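Take a look at the structure set out below.
Derivation of every value follows stated rules applied to the coordinates shown; laboratory data play no part. Everything numeric here is computed off the predicted structure, so don't read it as measured data. Backbone-built Cβ (ideal geometry, glycine too); neighbour counts: all protein chains shown.
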Amino acid sequence: MSKRAARNAWRVLGAVALVSAMSSPAAAQAPALGDLSRKEAERRKAAPAPKKAYTNADLPESARVAPVPAPAPSASAPVADATPQAAEEAKPQGEERDEAWWRTRVAQLREELRRNEVFLEALQSRINALSADFLNRDDPYQRAKVGEDRAKAAAEMARVTEEVAKGRQAIADLEEDARKSGVPPGWLR
């Protein structure tokens with residue numbers, strides 16, 4: 001090994017030691033995920049309870065608003081699902097669409113959307129890491145393996161992106177269905 005190569009090796013070793021020494025205090029000061037979740041749980045317990053949600057049932061009879069009648073269907077529009085009554089008839093027998101049903105359904109859709117969005121972010125991070133790993137590999141076999149993994153992750157990301165779009169559309173459809181059925185907006189929060 002020449003003097004120049006030895007000097008370069010010591011420089012690289014020194015730079016690695018300097019970077020690791022500088023990053024370790026920052027990592028030691030970061031709070032653990034468990035600590036953050038405990039603090040958030042305590043904050044939620046200490047938060048005031050939500051105020052009462054008012055519905056039409058809470059209003060006096062004279063202040064209640066009658067539902068707006070649906071417009072007459074046009075000749076070109078399909079007759080099915082043209083009115084809220086048609087939507088009520090289309091639902092399965094025995095299904096009661098009360099406040100609890102609407103709240104549960106919108107919560108399920110939002111939770112599914114949230115999970116898909118988090119998974120999408122994780123896939124993007126994985127693709128970024130695999131791209132960096134691909135560029136840093138010299139061995140063609142390892143590089144090909146990393147490239148395959150990156151392609152699989154990209155395909156999965158495309159699928160999850162579609163799921164996120166479908167989830168957002170499902171929430172929008174549910175809100176529109178609720179509006180047509182005369183459901184108070186507070187039931188969907």
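Distances longer than 16 Å among the Cα atoms of the stretch 98-189: what percent of all pairs is that?
Value for the stretch 98-189: 63 percent of Cα pairs lie more than 16 Å apart.
Packing-wise, with mean Cβ within 10 Å as the measure, how do 6-12, 129-135 rank, highest first?
129-135, 6-12
Multiply the residue separation of ASP35 and ALA57 by 0.36 nm, subtract the distance between their alpha-carbon atoms, and state the gained length in nm to one decimal.
Details: separation 22, 0.36 × 22 = 7.92 nm, distance 4.33 nm.
So the extension gain works out to 3.6 nm.
Reachable lysines from LYS166, Cα under 24 Å, same-chain residues fewer than 8 places away excluded?
Here the lysines satisfying the reach criterion relative to LYS166 are LYS91, LYS152, LYS180.
Contour minus end-to-end for ARG189 and ASN8, with contour as 0.36 nm per residue of separation and end-to-end as the Cα-Cα distance?
Answer, rounded to one decimal: 59.0 nm.
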